[in-house]
Amino acid sequence: MGEIEVRDSAGNPLHTGNFVLYAPTGTMGNVTEIMSDEEGTWALVDKTNLYYKTEILTLVKKEDEKEVGEKIFTREEVSERIEKEKEAVPAEMSDVSVESGG
């Protein structure tokens, strides 16, 4: 049996060892296995140990991984963001009234 020709959501060839992104949840990981059955072609991703349909995965280059990865914020950056969010909420929505309860 020959190797399965597998493509990601953008049409890029997908192989075991590739680093991929599952966009709906932001899950990223390495493909450890590729299999095919009557429902389609699946890739096992090491981060979750779950199979994903290959056509919804996106191949990510290692240098892109840093851009998509986690960012550490300082206490000041978090405080600034919270203040901006508070300013963006209309005043009538920020006051939760007891009358609205059931």
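The values are calculated or read from the model by the stated rules, or taken from the named source; none is laboratory data. This is a predicted model, so every value here is computed, not measured. We place every Cβ from the backbone using ideal geometry, glycine too, and count neighbours over all the protein chains shown.
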- Task: Look at the stretch 23-42 and say how many of its residues are touching a Leu at 6+ places or on another chain (Cβ under 6 Å) and either at pLDDT below 95 or on the phi > 0 side of the Ramachandran plot (or both).
- Result: 1
- Item | Every residue from the stretch 31-57 that is β-branched (Val, Ile, Thr) and crowded, with 16+ Cβ neighbours inside 10 Å | 31, 34, 41, 45, 54
- Query: For the subset of the stretch 1-30 comprising residues that are touching a Phe, Trp or Tyr at 6+ places or on another chain (Cβ under 9 Å) and farther than 14 Å from residue 61 by Cβ, which member is surrounded by the fewest Cβ atoms within 10 Å (Cβ to Cβ)?
  - Reply: 27
- Query: When only residues in the stretch 26-42 that are within 15 Å of the chain's Cα centre (by Cα) and not polar (S, T, N, Q) count, which is farthest from residue 15 (Cα to Cα)?
  - Reply: 26
